[in-house]
Amino acid sequence: MLRIIDYRQISGITSPTQVQYDNLKKDMPMATNPPAGPVAARFTDQVAIVTGGAGGLGHQICLSIGAEGGKVAVFDTNADAIDQTVALLNAGGTEAVGHLVDVRDHGAVTSAVAAVATYFGRIDILIAAAGGSLATPRDLADIAPADLDLVIDVNVKGTFNCAQAVVPHLLRAGGGAIVTFSSIGGRSTSPVTGVPYAAAKAAILGLTRRLAREVGPSGIRVNAVAPGLFLTGRLQGMFDAMTEADRTEVLAGIPLGRMPQLQECVDPVLFLASGQSSYITGAVLDVNGGRFMAG
Ligand SMILES: NC(=O)c1ccc[n+]([C@@H]2O[C@H](COP(=O)([O-])OP(=O)(O)OC[C@H]3O[C@@H](n4cnc5c(N)ncnc54)[C@H](O)[C@@H]3O)[C@@H](O)[C@H]2O)c1
């Protein structure tokens, strides 16, 4: 049965003239950012694993997949946040399980993925959102070998581990979709992040393309999303610490002239995960208000 969800009553997208930071903060609670309009349920009876699903964008992706009929497995390293996310999903009528798993741990990822397949009977979608610069330094001289390892291991190896573990289950389901997380920092030179993050997020694009080529004949699509700056809890503090002049400069570099709501990244991710993008694979979708435009 087709279910229509109308989120517009919750809030509207801010217009380009309403870019004041204070208003922006006020309008951006983590779990209630709305998409632009009504959407049909695209994930009825499908099973999605969302890594990093207990925080930031991943959390919002879990809620949105659930709101569109999907069943959700939340993979994260934050036990309390997993519990809260699963409870929120269950309260909204979504079947959900949480797994405390570090995506760097190949064995743990493989076991958790197998447990999800056993519990739900199938896996259709992987959203590999776990990642970030993980509080490592930005400037070259300050970056320790352990910082480089952490950023590469979580972002690149973590994405690889999850994709490798999930693909056999997608094959069993007759196909599926994987969405990886690059970044504007992997597409261009973002002043906000350092060399390890740029390298990791560029590597994810290579991983995405090569994997898409390998599994495409089996009906599995693999695409990357490359977000600009989205003020999840992680980045809110950084934005808070900036001067008014710096914030104005950030906005001046965004042709759409405003900061985004979280749902404006979630919706493109859901598009790539859904049948609406059935002939798209190996692609990268820039979601940055025009701050970086690919040639
Ligand atoms: N927010 C942005 O502006 C932005 C911009 C570009 C790219 N991205 C990418 O989007 C993704 C999500 O970003 P976010 O801002 O929502 O991040 P976030 O920090 O708000 O949430 C990340 C989640 O991943 C979990 N996590 C961290 N390490 C993990 C590990 N080893 N194993 C399993 N889970 C782990 C955290 O506990 C957290 O719940 C990341 O890959 C990030 O690099 C975000």
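Derivation of every value follows stated rules applied to the coordinates shown; laboratory data play no part. Because the structure is a prediction, the values reported are computed rather than measured. Counting neighbours? That spans all protein chains shown, and the Cβs are built from the backbone with ideal geometry, glycine included.
To the nearest whole percent, what portion of all C-alpha pairs in segment 180-295 is separated by more than 17 angstrom?
59
One chain, two ends: Asp105 and Asp246. Fully extended at 0.36 nm per residue, the span grows by 46.9 nm beyond their Cα-Cα distance. Structure remark: mean-square fluctuation, Gaussian network model of the chain, C-alpha springs under 10 Å; the largest value among Ala115, Ala202, Ala177 belongs to Ala115.
For the chain, adding -39500 (n - 2.57) for each run of n ≥ 4 DSSP H residues and dividing by the number of residues yields -12500 deg cm²/dmol at 222 nm.
Tally Lys/Arg at +1 and Asp/Glu at -1 over every other residue whose Cβ is under 13 Å from the Cβ of Val195; what's the total? If you can, show how the numbers build up before the last one.
Values: positive: Arg138, Lys201; negative: Asp139, Asp142, Asp147.
So the surrounding residues net to -1.
Sorting the segments 47-60, 247-260, 120-133 by their residues' average number of neighbouring beta-carbon atoms within 10 angstrom, most packed first, yields 47-60, 120-133, 247-260.
The charge dipole of the chain, taken about its Cα centre with unit charges on the Cβ atoms of Lys, Arg (+1), Asp and Glu (-1) only, comes to about 840 debye. Under the definition of Cα pairs under 8 Å and six or more residues apart, what whole-number percent is the relative contact order of segment 252-295? It rounds to 60 percent for segment 252-295. Each residue of segment 129-141 was assigned a 3J(HN,Hα) from its phi angle through the Karplus expression (A = 6.51, B = -1.76, C = 1.60, θ = phi - 60°), giving 9, 4, x, x, 8, 6, 6, 7, x, 8, 7, 3, 5 Hz with x at Gly and Pro.
Restricting to bridges with both residues inside the chain, how much of the DSSP beta-bridge set is antiparallel, in percent to the nearest 5?
Working: 2 of 30 bridges.
Antiparallel bridges: around 5 percent, rounded to the nearest 5.
Measuring spread by the Cα atoms of segment 4-287 yields a radius of gyration and Dmax of 18.0, 53 Å. Please check: in the Gaussian network model of the chain (C-alpha springs, under 10 Å), which one of Arg210, Arg104, Arg42 has the largest mean-square fluctuation. The residue that fluctuates most here is Arg210. Stokes-Einstein diffusion for segment 71-219, with the hydrodynamic radius set to the Kirkwood value over Cα pairs and evaluated at 25 °C in a medium of 0.890 mPa s, equals 150 µm²/s. With the Cα gyration tensor of segment 35-140 giving a ≥ b ≥ c as the square roots of its eigenvalues, does the rule (a/c under 1.5 for rounded; else a/b larger than b/c for prolate; else oblate) give rounded, prolate or oblate? Oblate is the answer for segment 35-140, as a/c is 1.5 or above yet b/c matches or exceeds a/b. Going from the residue with the fewest nearby Cβ atoms within 10 Å to the one with the most, Tyr197, Tyr279 rank Tyr279, Tyr197.
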